[in-house]
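The values are calculated or read from the model by the stated rules, or taken from the named source; none is laboratory data. Given the structure is predicted, the values throughout are model-derived calculations rather than measurements. All Cβ positions, glycine included, derive from the backbone under ideal geometry; neighbour counts span all protein chains shown.
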Amino acid sequence: MSDDVLQEQLRGYGEVEQVAIGMQGAVYRLPEGRVAKIWFHAGEEELRRLGELYAAIEGRLPFRTPRMLELHRPGPYWVTIEAELPGVPLHTVAPAFGEPGWKRARDCVVDVLAALAELDAPAVLHRMTVLDEADPFRPEGVSWIDALTGLVGRRVARFRDQLAPAIDDFDANVERLLNQLSELKEPETRLVHGDVTAGNILVDEDLWPVAVLDLGLLTMPGDPVFDAAAAGSLIELWSPRVREVEAAFDKAFVEQLGYDAEQLLVYRRVHSLLIANAHDADPYGRDSAVPLAAKLFNR
């Protein structure tokens, strides 16, 4: 998984430069305004669906989204060639939490979430899978609450041996959470990005969002409040001040988007269970998020 090995997948494209690497894959800048993404886990069918999603939402948001130009498999991994998007990652230029100018960065995230919340879910979303699952998350005719409840149940059953020792009164906590989830009102279906982070928002010099990246990990047809709850945590997920950051974002979500504070907390606990073991198959051996989920549940 060295840079040299990965670059072998891009032979023939000229001089390339790695610009990002994450759980889903590695991204390289190519000549002529293009980028290549080497996908570590995704297969052909999943990537073709993702390309359909890109095409379905292109031009429907006030910022750019990825556009897939090519899909091929030159070696052990599938590779997509995409148009390079403008801007720089928000996390590289945003002031630290609480510093002057931080609220502008916060509002940039809120603006992205507000725009996504207005976008009707394209039909292809009902065929999309999430995380490392093989079956669609929410086929046509399945409610959002039922689909999300099923996903939580599958993750808990699969990773119980890692979650239960870390989370106090684990079974009771999960049962309480599922009961809270069942009491939520079925929302109007919108596109949920599922991974709105400060690394996936590209901004201009004024911190206005000009592009949003990395759909696919938890992209699904569902409730935009879930997207906001997830984003409030993901912005500073590994920070010791994550609870303060979440509270500051929740205040903005309530005041600017009209979201319910208790619903945000329910969804945040759901999201923490979904991603707690998402790095288990990460070839770079990054830390499990189980301790982070435990801190959220045990506080």
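For the stretch 57-76, a residue qualifies if it is surrounded by 17 or more Cβ atoms within 10 Å (Cβ to Cβ) and over 18 Å from the mean Cα position of the chain (by Cα), and exactly one does: Met68. Report yes if some residue within the stretch 95-105 is crowded, with 16+ Cβ neighbours inside 10 Å, within 29 Å of Gln256 (Cα to Cα), basic (Lys, Arg) and touching a residue at least 24 places away in the same chain (Cβ under 8 Å); otherwise report no. Checking the stretch 95-105: not a single residue is crowded, with 16+ Cβ neighbours inside 10 Å, within 29 Å of Gln256 (Cα to Cα), basic (Lys, Arg) and touching a residue at least 24 places away in the same chain (Cβ under 8 Å).
The combined condition, being more than 19 Å from Gln256 (Cα to Cα), touching a residue at least 24 places away in the same chain (Cβ under 8 Å) and either assigned by TED's automatic domain parsing to the domain that holds Ile201 or of a type outside the set (Ser, Thr, Tyr) (or both), is fulfilled by Val130.
Residue-wise test of (1) assigned to a helix (DSSP H, G or I); (2) at pLDDT below 90; (3) surrounded by fewer than 19 Cβ atoms within 10 Å (Cβ to Cβ).
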residue: Gly12; (1), (2), (3): no, no, yes
residue: Val19; (1), (2), (3): no, no, yes
residue: Ala26; (1), (2), (3): no, no, no
residue: Glu32; (1), (2), (3): no, no, yes
residue: Ala42; (1), (2), (3): no, no, no
residue: Glu45; (1), (2), (3): yes, no, yes
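Selection of first residues in the stretch 175-200 that are on the phi > 0 side of the Ramachandran plot and of second residues that are part of a loop (DSSP other than H, G, I, E, B) and surrounded by 17 or more Cβ atoms within 10 Å (Cβ to Cβ), restricted to Cβ pairs under 7 Å at least 6 apart or on distinct chains, gives the following pairs, ordered by first then second residue: Gly194/Leu217; Gly194/Leu218; Gly194/Thr219.
Condition check: within 16 Å of Arg269 (Cα to Cα) and without any contact (Cβ under 8 Å) to a residue 12 or more places away in the chain. Does Asp223 satisfy that? Considered against the rule, which asks whether it is within 16 Å of Arg269 (Cα to Cα) and without any contact (Cβ under 8 Å) to a residue 12 or more places away in the chain, Asp223 comes out as no. Are any residues in the stretch 130-162 in a helix (DSSP H, G or I) and more than 19 Å from Asn179 (Cα to Cα), and if so, which ones? The answer is Arg158, Phe159, Asp161, Gln162. Look at the stretch 143-164: where a residue is closer than 14 Å to Ile275 by Cα and a partner is polar (S, T, N, Q) and surrounded by 13 or more Cβ atoms within 10 Å (Cβ to Cβ), sitting 6+ places away or on another chain with Cβ atoms under 8 Å, you get Arg155/Asn277; Arg158/Asn277; Phe159/Asn277; Gln162/Asn277; Gln162/Ser288; Leu163/Asn277. Residues in the stretch 277-299 that are modelled with pLDDT under 75, among the hydroxyl-bearing types (Ser, Thr, Tyr) and surrounded by 14 or more Cβ atoms within 10 Å (Cβ to Cβ): none. Note on the stretch 132-149: residues that are under 16 Å from the mean Cα position of the chain (by Cα) and buried (at least 18 other Cβ atoms within 10 Å of the Cβ) total 2.
Leu274: under 13 Å from the mean Cα position of the chain (by Cα), at pLDDT 95 or above, assigned to a loop (DSSP other than H, G, I, E, B) and surrounded by 15 or more Cβ atoms within 10 Å (Cβ to Cβ), yes or no? The answer is no for Leu274. The strands (runs of 3 or more DSSP E) found entirely in the stretch 175-250 that carry 1 or more residues being in the same structural domain as Leu131 (by TED's automatic domain parsing) and in contact with a Lys or Arg (Cβ under 7 Å, 6 or more places away or on another chain) are 209-212, 220-222.
Scanning the stretch 51-61 for residues that are in contact (Cβ under 8 Å) with a residue 60 or more places away in the chain and touching a helix residue (DSSP H, G or I) at 6+ places or on another chain (Cβ under 9 Å), which turns out nearest to Leu217 (Cα to Cα)? The qualifying residue nearest to Leu217 (Cα to Cα) is Leu53. If you go through the stretch 117-128 and keep only what is surrounded by fewer than 19 Cβ atoms within 10 Å (Cβ to Cβ) and not in a helix (DSSP H, G or I), you end up with Glu118, Leu119, Asp120, Pro122.
For (1) under 25 Å from Glu15 (Cα atoms); (2) in a loop (DSSP other than H, G, I, E, B), each residue gets a yes or a no:
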residue: Arg60; (1), (2): no, yes
residue: Pro86; (1), (2): yes, yes
residue: Val110; (1), (2): no, no
residue: Ala115; (1), (2): no, no
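If only residues of the stretch 229-253 that are among the hydrophobic types (A, V, I, L, M, F, W, C) and loosely packed, with under 15 Cβ neighbours inside 10 Å are counted, the one that is nearest to Leu178 (Cα to Cα) is Ala247.
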